[in-house]
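Read through the structure below, which is laid out as structure tokens, and then see the notes.
The values are calculated or read from the model by the stated rules, or taken from the named source; none is laboratory data. Treat the numbers as computed from the prediction; the structure is a model and nothing was measured. Here Cβ is always computed from backbone atoms with ideal geometry, including for glycine, and neighbour counts include all displayed protein chains.
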Amino acid sequence: MRPYIFSFLFATLLFTGCENFIDVNDNPNSPTKVDESLLLAPLCYQIAHNVTGGNGTLFVNYYMQNIALNQTTPNHGTYLLVPSDLNGPWTSLYATVLKNLNILRQQAEEQQNFNYVGIAKILTAYSLGIGTSFWGDIPYSESLLGEGNFNPKYDSQESVYQAIQQLLDEGIADIGRNTGLTPGNDDFFFGGNMQNWVKTANTLKARFSIHLTNAPGYDAAQQATQALQALANGYDSNSENMEFDYPGGAGTQSRWFTRMLPIETIVLAANAVDTLVSREDPRLPLLVAPAKSDGEYRGRPLGQQGIGSLESYSILGNYYGGEAASLHLLTYSEALFIKAEATLIVSGYEAAEPIFREAILTNMEQVGLSRDNAAVQAYLSSRLPLTAGNALQRIMEDKKIANFLSAENFNDWRRTGFPAMEKVQNALSDIPRRLIYPLIEVSTNPQPQHSATLTDRVWWDQP
């Protein structure tokens, strides 16, 4: 755990002040500016806890058959979703995170603290990327770039992706100015290591480039080449991973600890657990806790009617589900899987194989296993060699495990069709391909895009 992690309670109280900051007037007893350090710290928490780990990500983990509700059907796991379910994720993204990132950026620009400007732009790009992957067209130019518009139009997803890449390029350039204050303990991701922020921006450029391999009017080889160019300046070790470390203990538990039993009636899905068991994956005991009833690794079938004994199902193991488990926003292993896919597109499966191999080993090391472990080597042998027929499937299947619980898995499945899945029992529709728009938007800012259903495709999601 990084030594500069904060007090959860302190940051929560601090962020309440930041939210109020948006609405203050010129009362001399109410300051109209807050130091950049006091803005960045709670924003790091909110981006991790309520954007990366928020309910939007929770819903897509049902769709990716990683988690299941131990409740009667219909439920979220059988694709029951109503607009009010999305109010929280939308509010966290816009009112809490993006608006305050805009304030941080503007204030840091005024003070010429360009390290903070760069961080604000990188985190804005990251957050916009999550929003547009969930909803497709979203507000940007009239909500963040415009002033005082409470009914902003929705920008096309293509234009949002262009803005994301521009923000990342500008963020890298701003950090390169090397002027003004440098963050310290207020930077809960990297502790003020600006080189890691540059590597994060480049790795994100690769993530968002690979998203568009099947987008209308875009060339897969060109997108893959752009991803490889960005990765040349991206992460090159697990020590650079962008993660949020929770202190643990009462009131400071990790996001996924609070999602699972005994706090909520969410357990792991049979699909996810059975995959790890059937492949004899050595990560199994780290990712999955055995059922308390009999010590077996057992997930709940999604869509199953009736309620089972809670102790008869597996929940998350300590690596993701412990009280002080870290929440992973971007990792070196993800970067390597992107590199493997991009290399496959540009140079073929033989060139992609050693990168795929290294991606698996890197994730094994990330969770605490030695690459020389016999079980690790046996698993690796079972996944090799790559062939023209299996390469993309194997890369995506193993990327899903390395990116366990990440919303990126939903993006990858929509782009590639892997891992292959069937809709669950008692499903209300085909497998969803997006989130619907929230009630707060539908009722106060009507837009043509609001007619989208769960099974409609976003712009880049082409058959």
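Does Asp412 satisfy the condition of being without any contact (Cβ under 8 Å) to a residue 60 or more places away in the chain, buried (at least 16 other Cβ atoms within 10 Å of the Cβ) and not in a loop (DSSP other than H, G, I, E, B)?
yes
Go through (1) outside any helix (DSSP H, G or I); (2) within 16 Å of Ile119 (Cβ to Cβ) for Asn151 and report which single condition fails.
Here Asn151 meets the rest and fails (2).
Quick one: Leu69 ticks every box in (1) modelled with pLDDT of 95 or more; (2) surrounded by fewer than 24 Cβ atoms within 10 Å (Cβ to Cβ); (3) in contact with a helix residue (DSSP H, G or I) (Cβ under 6 Å, 6 or more places away or on another chain) bar one, so which box is it?
It fails just one condition, (1).
Looking at the range 307-331, which of its residues are without any contact (Cβ under 8 Å) to a residue 60 or more places away in the chain, polar (S, T, N, Q) and surrounded by fewer than 24 Cβ atoms within 10 Å (Cβ to Cβ)?
Across the range 307-331, the qualifying residues are Ser309, Ser312, Asn318.
Can Thr258 be described as in a helix (DSSP H, G or I), out of contact with any helix residue (DSSP H, G or I) (no Cβ under 9 Å at 6 or more places or on another chain) and either closer than 29 Å to Gln462 by Cα or of a type outside the set (Lys, Arg) (or both)?
It is true that Thr258 is in a helix (DSSP H, G or I), out of contact with any helix residue (DSSP H, G or I) (no Cβ under 9 Å at 6 or more places or on another chain) and either closer than 29 Å to Gln462 by Cα or of a type outside the set (Lys, Arg) (or both).
Could you please tell me which pairs satisfy a Cβ distance under 6 Å, a separation of 6+ or placement on different chains, a first residue in the range 233-245 that is more than 10 Å from Gln366 (Cα to Cα), and a second residue that is modelled with pLDDT of 95 or more and among the aromatic types (Phe, Trp, Tyr)?
Tyr235/Tyr332; Met242/Phe189
Answer yes or no as to whether Gln226 is out of contact with any Gly (no Cβ under 6 Å at 6 or more places or on another chain), outside any strand (DSSP E or B) and surrounded by fewer than 16 Cβ atoms within 10 Å (Cβ to Cβ).
Considered against the rule, which asks whether it is out of contact with any Gly (no Cβ under 6 Å at 6 or more places or on another chain), outside any strand (DSSP E or B) and surrounded by fewer than 16 Cβ atoms within 10 Å (Cβ to Cβ), Gln226 comes out as no.
Kindly indicate whether Leu93 is in a helix (DSSP H, G or I), over 18 Å from Thr265 (Cα atoms) and in contact with a Leu (Cβ under 7 Å, 6 or more places away or on another chain).
no
Can you go through Glu334, Glu350, Glu341 and tell me which one is at pLDDT 95 or above, more than 28 Å from Leu69 (Cβ to Cβ), surrounded by 24 or more Cβ atoms within 10 Å (Cβ to Cβ) and acidic (Asp, Glu)? Don't jump to the end; show me each part of the working.
Working: Glu334 fails: more than 28 Å from Leu69 (Cβ to Cβ); Glu350 fails: surrounded by 24 or more Cβ atoms within 10 Å (Cβ to Cβ).
Within the list Glu334, Glu350, Glu341, the selection yields Glu341.
Suppose we filter the range 188-223 for residues that are assigned to a helix (DSSP H, G or I) and either at pLDDT below 95 or among the charged types (D, E, K, R) (or both); how many remain?
3
To keep it simple, each residue is scored yes or no on (1) closer than 23 Å to Ile122 by Cβ; (2) modelled with pLDDT under 95; (3) part of a helix (DSSP H, G or I).
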{"site": "Ile5", "(1), (2), (3)": "yes, yes, no"}
{"site": "Phe10", "(1), (2), (3)": "no, yes, yes"}
{"site": "Asp23", "(1), (2), (3)": "no, yes, no"}
{"site": "Asn50", "(1), (2), (3)": "yes, no, yes"}
{"site": "Leu58", "(1), (2), (3)": "no, no, yes"}
{"site": "Leu80", "(1), (2), (3)": "no, no, no"}
{"site": "Val97", "(1), (2), (3)": "yes, no, yes"}
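Could you figure out which of (1) part of a loop (DSSP other than H, G, I, E, B); (2) surrounded by 17 or more Cβ atoms within 10 Å (Cβ to Cβ) isn't true of Thr182?
Result: Thr182 passes all but (2).
For a quick check of your reading of the model, give me the residue pairs whose first member lies in the range 165-186 and is in the same structural domain as Asn113 (by TED's automatic domain parsing), whose second is at pLDDT 95 or above and loosely packed, with under 13 Cβ neighbours inside 10 Å, with beta-carbon atoms closer than 7 Å and at least 6 apart or on different chains.
What qualifies is Thr179/Gln112; Gly180/Gln112.
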